[in-house]
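Notes follow the structure.
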Amino acid sequence: MPSKRADKKDDVRFKGFGGLDRLFEHRVRLAICVLLSRYKMLNFTRLKELLEETDGSLGTHLRKLEEAGYATVKKEFHDRRPVSWYALTAVGSRALSTHVESLQNLLRQAKK
Amino acid sequence: MQKHHVVDGVAEDLGFVRRALARSEWNSGAPSAVFLVCSVIVLIGFPLNDFLPKYALTYWSIAAPLAFVVSAVIGRRHWRQKGQVDARSGVRHLAHWGVMLAVMGLCFQLPATGAISWRALGPLVLLLSAMGYLLAGVHLDRRFFLPGALMALGIGVMPICGGFEWTVTWVLVALALKVSARVGGKAGAVEKS
């Protein structure tokens, strides 16, 4: 059983990760932004396939990213069917870089 | 204790992200239809060099740029239908094949200025094609490697196939392109399943 003192010590060691973004705390949102930073655009069906998520769950995550201004959506029709294309915004790209940097710091400190 | 929980959670999340990224890159090369276009161009063009050489120059100066444009359109359509637009990869493919096409166009300057004979132009273009395909196999899509290797082999067998050197090379390259297209199709089927 770790002592309270040890936990407090850990808290101190893990301070200084202000760059960690609450929106990326969920791995699906993190994965969406990483994928969108790798590709220029991905549509809803492809994201669903890659992340193995349900329509409802993926839609919720994408809406949160849209509301935060991290992702944009462009709707178009293909064979009379609506297709939603998602892309990462400059704000989203900056937030992702900061978050990844903070994660690296966190892992580096944890190794010590 | 808390530290381990945090680190385990982060590692698990990063594993999830890495798997999604790997799935997106699986079979992300050229669509099989591109290999079929190349095989059709070669199917007509190489025997033409043996049997109707006077039309070969005209054929290649039209067919090669046409194949480039058609392949680019097929590639773009394929990835848009798949729902994944990879601008970086598209530019890389366009630059690679565009440069190869431009270099081949410049090759025609050599016999025109008398630097090499017209007879030497064919093997030179085949050599450059082999290099282009081999490099595409290394940098863009592994499936280009086999046709490139067989084109290079074609340069070796040319002197011993008196009169039918292009037809022999054609058989090898067309077979390799068909195999490459099939490999792509199977990979696509595996991905869908």
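The values are calculated or read from the model by the stated rules, or taken from the named source; none is laboratory data. What you are looking at is a predicted structure, and each value in this text was computed from that prediction instead of being measured. Glycine gets a Cβ as well: all are built from the backbone with ideal geometry, and neighbour counts include every protein chain shown. SASA here: full protein model, heavy atoms, side chains in, ligands and nucleic acids out. Shrake-Rupley method; radii C 1.70, N 1.55, O 1.52, S 1.80 Å.
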Could you calculate the FRET efficiency of A:Lys64 with A:Ser97 from 1/(1 + (r/R0)^6), where r is the beta carbon distance between them and R0 is 25 Å, rounded to 0.05? 0.85
Can you give the accessible area of B:Ile44 in Å² (nearest 10), computed on protein heavy atoms with a 1.4 Å probe? 90 Å²
To two decimal places, what compactness ratio does the range B:34-192 give when its Cα radius of gyration is scaled by 2.2 N^0.38 Å? 1.07
Rounded to whole Å², per residue accessible area for the range A:22-111 with a 1.4 Å probe reads 55 Å²
Per 20 angstrom bin, beginning at 0 and ending with the bin that holds the maximum distance, the Cα pairs of the protein assembly as shown fall in percents of 27, 40, 25, 7, 1
Just reorder B:His5, A:His61, B:His96 by solvent-accessible area, largest first, 1.4 Å probe, all chains present. B:His5, B:His96, A:His61
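Using a 1.4 Å probe and counting only protein heavy atoms, how much accessible surface gets buried when A and B come together, both sides summed, in Å² to the nearest 100?
Roughly 2800 Å².
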How tilted is helix B:2-25 with respect to the longest principal axis of chain B? Cα atoms for both, answer in degrees (0 to 90, nearest 10). 30 degrees
Between the range B:28-84 and the range A:36-112, the alpha-carbon center distance in angstrom: 36 Å
Can you compute the charge dipole magnitude of the protein assembly as shown about its Cα centre, using +1 on each Lys and Arg Cβ and -1 on each Asp and Glu Cβ, nothing else charged? Give it in debye, rounded to the nearest 20. 820 debye
For the charge dipole of the protein assembly as shown, defined by +1 on Lys and Arg C-beta atoms and -1 on Asp and Glu C-beta atoms about the Cα centroid, which residue among B:Leu94, B:Gln109, B:Leu128 has the Cα displaced farthest towards the positive pole? B:Leu94
Pick from B:Leu52, B:Leu101, B:Leu43 the residue whose mean-square fluctuation is largest in a GNM of chain B, springs joining Cα atoms under 10 Å. B:Leu52
With angles folded into 0 to 90 degrees, how steeply does helix B:118-139 sit against the dominant principal axis of chain B? Use alpha carbons for both and round to 10. 10 degrees
Residues of the range B:13-33 buried by at least 50 Å² on assembly (accessible area, 1.4 Å probe, chain alone as reference): B:Asp13, B:Phe16, B:Val17, B:Leu21, B:Arg23
At 7 Å along Cα-to-Cβ for each site, give me the label-to-label distance between B:Thr113 and A:Arg108 in nm. 5.4 nm
Using a probe radius of 1.4 Å on heavy atoms only, what accessible surface per residue do you get for the range B:34-192? Whole Å² is fine. 55 Å²
Using a Förster distance of 35 Å, the FRET efficiency for B:Leu135-B:His5 (Cβ separation, nearest 0.05): 0.15
The range A:22-111: radius of gyration and largest Cα-Cα distance (Dmax), Å: 14.0, 53
Rounded to a whole number, the mean other protein chain Cβ count within 10 angstrom for residues of A:32-43 is 5
Between B:Val40 and B:Trp26, what length comes free when the chain is fully extended (0.36 nm per residue of separation minus the Cα-Cα distance, one decimal in nm)? 2.4 nm
Quickly work out the B:Leu124-to-B:Thr167 label distance, labels modelled 7 Å from Cα along the C-beta direction, and quote it in nm with one decimal. 2.7 nm
Give me the accessible area of A:Arg94, 1.4 Å probe, in Å² rounded to the nearest 10. 150 Å²
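Computing the accessible area with a 1.4 Å probe over protein heavy atoms, can you report the carbon and sulfur percentage for the range B:77-156?
Of all accessible area on the range B:77-156, carbon and sulfur atoms account for 69 percent.
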To the nearest 10 degrees, how steep is helix B:87-107 against the longest Cα principal axis of chain B, on a 0 to 90 scale? 10 degrees
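Pop the C-beta distance of B:Val103 and A:Arg81 into the FRET formula with R0 = 41 Å and round what comes out to the nearest 0.05. Walk me through the numbers on the way to the answer.
Numbers: r = 43 Å, r/R0 = 1.04.
Here the calculated transfer efficiency is 0.45.
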Using the Cα centre as the reference, give the magnitude of the dipole from point charges on the C-beta atoms of the range A:22-111 (Lys, Arg: +1; Asp, Glu: -1; all else neutral), rounded to the nearest 20 debye. 200 debye
Distance check, please: which entries in A:Lys40/A:Lys111; A:Lys48/A:Lys74; B:Lys54/B:Lys178 exceed 23 angstrom between their Cα atoms? A:Lys40/A:Lys111; B:Lys54/B:Lys178
